There are 2 protein chains.
Amino acid sequence: MINKVVKNADEAVKDIQNGSTLMLGGFGLCGIPENSIDALLRTGVKDLTCISNNAGVDDFGIGLLLKTRQVKKMISSYVGENQEFERQLLSGELEVELLPQGTLAERIRAGGAGIPAFFTPAGVGTEVAEGKEIREFNGKSYLMESWLKADFSIVKAWKGDSAGNLIFKGTARNFSPMMASAGKITIAEVEELVPLGSLNPNDIHVPGIYVQRIFKGSNYEKRIEQRTVSKPKITEENKNIVSQKTTVGLDKNQIAQRISQELKDGYYVNLGIGIPTLVANFIPEHINVVLQSENGLLGIGPFPIEENVDADLINA
Amino acid sequence: MINKVVKNADEAVKDIQNGSTLMLGGFGLCGIPENSIDALLRTGVKDLTCISNNAGVDDFGIGLLLKTRQVKKMISSYVGENQEFERQLLSGELEVELLPQGTLAERIRAGGAGIPAFFTPAGVGTEVAEGKEIREFNGKSYLMESWLKADFSIVKAWKGDSAGNLIFKGTARNFSPMMASAGKITIAEVEELVPLGSLNPNDIHVPGIYVQRIFKGSNYEKRIEQRTVSKPKITEENKNIVSQKTTVGLDKNQIAQRISQELKDGYYVNLGIGIPTLVANFIPEHINVVLQSENGLLGIGPFPIEENVDADLINA
């Protein structure tokens, strides 16, 4: 049978050359291909262009490759949480192309689908539109964006089989399925490598046709960027204690509480990073809304209680 | 909690007006929203524009709505297997827009994603390109296609819950997830309606946010268009007996056998309708290939034996 299994991360990345373009899965620190990044640190390959939603933190994820100066250019949607990234960007040592998050996802998908360009309303009238074609459709302005492709796409999945079929868990899925389709060579590292035929075909998120190499990863740290928990029960008394590790001023909570009054029964609500995520703690009890995390999962609740903390279920 | 359950098909389709644009899931006769089509026959709604891969057969699927002259226009990729469709097309009674199958899927997806136009190589230099903008990217010609949207999308899923989350089975999935995202109102009929929370979030194919109405369907016929089975074991002796219901000339098998010699170990092979599907019966024993059905499923084998026939696993 078709067998795409390689021994380990070192074997999987050994032919990645200086100057290559890589796509790397992950949102924040969730779903990071940790083993492959470690292997890239060992090969010392340089002048990489990395396409990834963000660049990890100073000592985790792509942040590690920034520190060793192996990255020439980042194509991302977010630069926060990483001081070295900020320093290299401001000093001009690192090229950075910043994109709206949906545009990043869609450009990657277009690369996988063979679509060289498409029109999107995101970024019209902003810096993002500079130098790009603007066109009207039905009286609304759109700008033209082009596909993104990579020499290598590197993703981390939950389960995979020897033919490269992949299943992700929770928000660890994020950009990875699109990236798998847009890489000339796609490398998948998985927590569990299972025999061919043991995954239910209906449950596959990435069909093996998109994956060229797969290996079982090890020693996953699965770090959580901002580990925030609720008390076991949210009562009127502890409602304002939303965080045990981050310090949140009362004014932010008041803003969040006011925003929560705009919600109506049956709404789907997307909560971005910052104050918006606090809104989840103030949903009035008489209405039901479905919360969407910034990375796409629907049905997000308030901060988890201690026992339910899961690095594969993170939010902005 | 959010509850999108309606009583039955009649309630789900009752506000579909004359002149509406509908998307209807299904590939061939696989994954047809049978209950909703029956309900549309009862309302007698007219002048419909139907976006669907094909139009069923004379007495099943959209074919039933053609017979009652409820359809003004079809946007499809295939017109075969339906004499009434052919008659109305040739007599000019029915408007038909024929599209390459991938273009149809991508235009529907674009509608759901908010992308008014995109570039594709499919159809360049053919009748499909007439009146469309052609543009070069990296020295290759592409034509611009526009999004498709619908007043109502009607899909049939295997399992669904009261919030509208859907899971499909096998090739019955086909165009349905994209259609669910591109309809102003999406109606889902399901074989099993399960309580909210009983479907594993990782397994959901269509998140409930795209579905406005859901009901448990009944009396599914799940007709198979061309029911073709293998003998239990394919031996040298019975290799040429590939069909019990269709008559296949020896020359076609000879062509298929010759084509099969072009396959190399590890190939992914897409088999279109007609002689190509016969190739599956002649794969040399010393190589392993992964067969893709025309409607997207990977890992298709030869014709099933009698006991394994499944209307949700069809091929072209």
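Name the one entry in A:GLY164, A:GLY139 that is of a type in the set (Gly, Ala, Ser) and either more than 21 Å from A:ASP203 (Cα to Cα) or more than 22 Å from the chain's Cα centre (by Cα) (or both).
On the way: A:GLY164 fails: either more than 21 Å from A:ASP203 (Cα to Cα) or more than 22 Å from the chain's Cα centre (by Cα) (or both).
After ruling out the rest, the residue left standing is A:GLY139.
Any idea how many residues of the stretch A:124-163 are in contact (Cβ under 8 Å) with a residue 60 or more places away in the chain and in a strand (DSSP E or B)?
Residues meeting the conditions: 8.
Take A:ILE108 and tell me if it is within 14 Å of chain B (Cβ to nearest Cβ) and either open to solvent by 50 Å² or more (accessible area, probe 1.4 Å) or under 13 Å from the mean Cα position of the chain (by Cα) (or both). Talk me through it step by step, then tell me what you get.
On the way: within 14 Å of chain B (Cβ to nearest Cβ): yes; either open to solvent by 50 Å² or more (accessible area, probe 1.4 Å) or under 13 Å from the mean Cα position of the chain (by Cα) (or both): yes.
So A:ILE108 passes the test.
Exactly one of these conditions fails for A:ALA55: (1) at pLDDT 90 or above; (2) small (Gly, Ala, Ser); (3) touching a strand residue (DSSP E or B) at 6+ places or on another chain (Cβ under 8 Å). Give me its number.
(1)
Scan the stretch B:63-82 for residues that are part of a loop (DSSP other than H, G, I, E, B), more than 20 Å from B:ARG223 (Cα to Cα) and of a type outside the set (S, T, N, Q) and report the count.
1
Mind counting the residues in the stretch B:122-148 that are more than 10 Å from chain A (Cβ to nearest Cβ), touching a helix residue (DSSP H, G or I) at 6+ places or on another chain (Cβ under 7 Å) and either surrounded by fewer than 20 Cβ atoms within 10 Å (Cβ to Cβ) or under 20 Å from B:GLU191 (Cα atoms) (or both)?
Within the stretch B:122-148, residues that are more than 10 Å from chain A (Cβ to nearest Cβ), touching a helix residue (DSSP H, G or I) at 6+ places or on another chain (Cβ under 7 Å) and either surrounded by fewer than 20 Cβ atoms within 10 Å (Cβ to Cβ) or under 20 Å from B:GLU191 (Cα atoms) (or both) number 1.
For the stretch B:100-116, what are the residues that are β-branched (Val, Ile, Thr) and either out of contact with any strand residue (DSSP E or B) (no Cβ under 8 Å at 6 or more places or on another chain) or part of a helix (DSSP H, G or I) (or both)?
Once the filter is applied, which keeps residues that are β-branched (Val, Ile, Thr) and either out of contact with any strand residue (DSSP E or B) (no Cβ under 8 Å at 6 or more places or on another chain) or part of a helix (DSSP H, G or I) (or both), the stretch B:100-116 yields B:THR103, B:ILE108.
State whether one or more residues within the stretch A:47-62 are without any contact (Cβ under 8 Å) to a residue 24 or more places away in the chain and in a helix (DSSP H, G or I). Lay out the reasoning, then the answer.
First pass over the stretch A:47-62, keeping only residues without any contact (Cβ under 8 Å) to a residue 24 or more places away in the chain: A:59.
Remaining after also requiring in a helix (DSSP H, G or I): none.
No; the residues of the stretch A:47-62 include none that is without any contact (Cβ under 8 Å) to a residue 24 or more places away in the chain and in a helix (DSSP H, G or I).
Which pairs turn up if I take residues in the stretch B:268-287 that are in the same structural domain as B:GLN254 (by TED's automatic domain parsing) and touching a residue at least 40 places away in the same chain (Cβ under 8 Å) and look for partners that are open to solvent by less than 20 Å² (accessible area, probe 1.4 Å) and part of a loop (DSSP other than H, G, I, E, B) with beta carbon separation below 6 Å, at least 6 apart in sequence or on another chain?
Here the result reads B:ASN281/B:VAL242, each pair linking the stretch B:268-287 to a residue that is open to solvent by less than 20 Å² (accessible area, probe 1.4 Å) and part of a loop (DSSP other than H, G, I, E, B).
Exactly one condition in (1) away from chain A (no Cβ under 14 Å); (2) at pLDDT 80 or above is false for B:TYR210; which is it?
Of the numbered conditions (1) away from chain A (no Cβ under 14 Å); (2) at pLDDT 80 or above, the odd one out for B:TYR210 is (1).
For B:ALA157, which of the numbered conditions (1) under 17 Å from the mean Cα position of the chain (by Cα); (2) farther than 27 Å from B:THR103 by Cβ; (3) crowded, with 17+ Cβ neighbours inside 10 Å fails to hold?
(2)
Identify the single condition in (1) within 29 Å of B:ALA117 (Cβ to Cβ); (2) surrounded by fewer than 19 Cβ atoms within 10 Å (Cβ to Cβ); (3) at pLDDT 95 or above; (4) more than 10 Å from every other protein chain (Cβ to nearest Cβ) that A:LEU98 does not satisfy, given that it satisfies every other one.
With respect to (1) within 29 Å of B:ALA117 (Cβ to Cβ); (2) surrounded by fewer than 19 Cβ atoms within 10 Å (Cβ to Cβ); (3) at pLDDT 95 or above; (4) more than 10 Å from every other protein chain (Cβ to nearest Cβ), A:LEU98 is out only on (3).
Of the numbered conditions (1) within 14 Å of chain B (Cβ to nearest Cβ); (2) open to solvent by 20 Å² or more (accessible area, probe 1.4 Å), A:GLY31 satisfies every one except a single condition; which is it?
(2)
Counting only residues that are surrounded by fewer than 14 Cβ atoms within 10 Å (Cβ to Cβ) and closer than 14 Å to B:CYS50 by Cβ, how many does the stretch B:63-82 have?
Residues of the stretch B:63-82 surrounded by fewer than 14 Cβ atoms within 10 Å (Cβ to Cβ): B:68-69, B:80.
Narrowing the set further to residues that are closer than 14 Å to B:CYS50 by Cβ leaves B:68-69.
Here the count works out to 2.
As an exercise: evaluate B:GLY183 against (1) within 23 Å of the chain's Cα centre (by Cα); (2) modelled with pLDDT of 95 or more; (3) open to solvent by less than 10 Å² (accessible area, probe 1.4 Å) and give the number of the one condition it does not meet.
Every listed condition holds for B:GLY183 apart from (3).
Step by step: first the residues of the stretch A:1-14, then only those that are in contact (Cβ under 8 Å) with a residue 60 or more places away in the chain and away from chain B (no Cβ under 14 Å), then the one that is nearest to B:TYR268 (Cα to Cα). Which residue is that?
Pass one, the stretch A:1-14, residues in contact (Cβ under 8 Å) with a residue 60 or more places away in the chain: A:1-9, A:11-13.
Next, from what is left, pick out any that are away from chain B (no Cβ under 14 Å): A:6-9, A:11-13.
Values: A:VAL6: 20, A:LYS7: 24, A:ASN8: 25, A:ALA9: 25, A:GLU11: 24, A:ALA12: 22, A:VAL13: 24 Å.
Ranking the candidates gives A:VAL6 first.
What is the number of the single condition among (1) within 18 Å of the chain's Cα centre (by Cα); (2) among the acidic types (Asp, Glu); (3) assigned to a loop (DSSP other than H, G, I, E, B) that B:GLU97 does not meet?
Status for B:GLU97: all satisfied but (3).
Taking only the stretch A:1-14 into account, find how many residues are out of contact with any Ser or Thr (no Cβ under 7 Å at 6 or more places or on another chain) and open to solvent by less than 60 Å² (accessible area, probe 1.4 Å).
Final tally of qualifying residues: 3.
Quick check on this structure: which one of B:PHE119, B:PHE85 is part of a strand (DSSP E or B) and crowded, with 19+ Cβ neighbours inside 10 Å? Outline the logic, then answer.
Values: B:PHE85 fails: part of a strand (DSSP E or B).
Criteria check complete, one pass: B:PHE119.
In the set B:GLY44, B:GLY31, which member is within 18 Å of B:THR171 (Cβ to Cβ) and touching a residue at least 24 places away in the same chain (Cβ under 8 Å)?
Numbers: B:GLY44 fails: within 18 Å of B:THR171 (Cβ to Cβ).
Matching residue, one of B:GLY44, B:GLY31: B:GLY31.
Name the single residue, out of those in the stretch A:275-303 being at pLDDT below 75 and of a type outside the set (A, V, I, L, M, F, W, C), that is least open to solvent (accessible area, probe 1.4 Å).
A:SER293
The values are calculated or read from the model by the stated rules, or taken from the named source; none is laboratory data. All of these numbers come straight from a predicted model, not from anything done at the bench. Here the Cβ is made from the backbone with ideal geometry for all residues, glycine too, and neighbour counts use every protein chain on show. Note: accessible area is taken over every heavy atom of the protein model, side chains too, but ligands, DNA and RNA are not part of it. Shrake-Rupley method; radii C 1.70, N 1.55, O 1.52, S 1.80 Å.
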